[in-house]
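Structure, as structure tokens:
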Amino acid sequence: MSVYDFEVKTQGGESKSLKDYEGKILLIVNTATRCGFTPQYDELQALYEKYKDQGFEILDFPSNQFMEQAPESDSEIGSFCQINFGVTFPQFAKIDVLGDNKAPLFKYLEDNTAFKGFSGEEAEELDQLSKENAKKEGEGNIGWNFTKFLIGKDGEIAARFEPTDDIKEVEAKIKELI
């Protein structure tokens with residue numbers, strides 16, 4: 001099994017096979033528009049612009065499961081990201097990444113990677129928020145918004161990055177895969 005075996009919903013509600021991205025390097029990210037990590041959209045867009053012509057794609061999956069930090073509709077999220085961050089990479093319909101209604105793609109990503117823990121000065125606070133949030137939203141090993149999964153051209157998971165990981169680490173791994 002690989003990520004290519006999954007279908008997801010676009011922001012417009014259509015079904016899309018991830019097989020359409022076969023042979024590309026993918027960065028799959030769960031996001032939110034009202035999170036302290038939302039400015040990472042700037043870093044993600046910069047990565048996308050730098051590597052998109054080399055077979056790199058970012059797939060954005062908003063989730064409202066972390067303190068309801070993505071309350072907008074799918075189209076409002078898309079507009080917000082385009083206006084505030086110039087996002088041009090694919091954005092998909094809002095999904096659950098925790099609990100009983102977890103999207104199958106994220107269940108697969110979770111089942112095949114481990115939560116490394118948060119780092120930096122936000123680590124302790126995020127750890128506590130994540131534990132409280134899990135009691136409300138359901139269990140899972142995705143600790144917060146902007147968890148990133150890097151997928152190789154073969155559709156296999158190459159790396160996982162927590163929201164507190166430096167984007168330079170993400171970029172270094174992307175360079176290895178290109």
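The values are calculated or read from the model by the stated rules, or taken from the named source; none is laboratory data. What you see is a predicted model; the values in this text were computed from it and never measured. Glycine also receives a Cβ, built like all others from the backbone with ideal geometry; neighbour counts cover every protein chain displayed. Heavy atoms of the whole protein, side chains included, go into the accessibility calculation; ligands, DNA and RNA do not. Shrake-Rupley method; radii C 1.70, N 1.55, O 1.52, S 1.80 Å.
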(request) Report yes if I83 is farther than 25 Å from G140 by Cβ, of a type in the set (A, V, I, L, M) and either modelled with pLDDT of 95 or more or open to solvent by 30 Å² or more (accessible area, probe 1.4 Å) (or both), otherwise no. (result) yes
(request) For segment 49-62, enumerate the residues that are surrounded by 19 or more Cβ atoms within 10 Å (Cβ to Cβ), in contact (Cβ under 8 Å) with a residue 40 or more places away in the chain and either of a type outside the set (A, V, I, L, M, F, W, C) or touching a Ser or Thr at 6+ places or on another chain (Cβ under 6 Å) (or both). (result) Y51
(request) Evaluate the following for S119: is it assigned to a loop (DSSP other than H, G, I, E, B) and either within 24 Å of E49 (Cβ to Cβ) or open to solvent by 10 Å² or more (accessible area, probe 1.4 Å) (or both)? (result) yes
(message) Residue under question is T113, and the condition is that it be touching a helix residue (DSSP H, G or I) at 6+ places or on another chain (Cβ under 8 Å), polar (S, T, N, Q) and either on the phi < 0 side of the Ramachandran plot or open to solvent by less than 30 Å² (accessible area, probe 1.4 Å) (or both); does it hold?
(response) no
(message) Which numbered condition in (1) touching a residue at least 24 places away in the same chain (Cβ under 8 Å); (2) surrounded by fewer than 18 Cβ atoms within 10 Å (Cβ to Cβ); (3) part of a loop (DSSP other than H, G, I, E, B) is the only one that W144 fails?
(response) (2)
(request) Report, by residue number, each residue of segment 1-14 that is within 14 Å of the chain's Cα centre (by Cα) and open to solvent by 10 Å² or more (accessible area, probe 1.4 Å). (result) V8
(request) Give segment 104-132 a look and list any residue that's touching a residue at least 12 places away in the same chain (Cβ under 8 Å) and over 15 Å from E162 (Cα atoms), or say none. (result) P104, L105, Y108
(request) Scan segment 15-34 and report the pairs whose first residue is on the phi > 0 side of the Ramachandran plot and open to solvent by 10 Å² or more (accessible area, probe 1.4 Å) and whose second residue is of a type in the set (G, A, S) and not in a helix (DSSP H, G or I), with Cβ atoms within less than 8 Å and a gap of 6+ or a chain change. (result) G23/G55
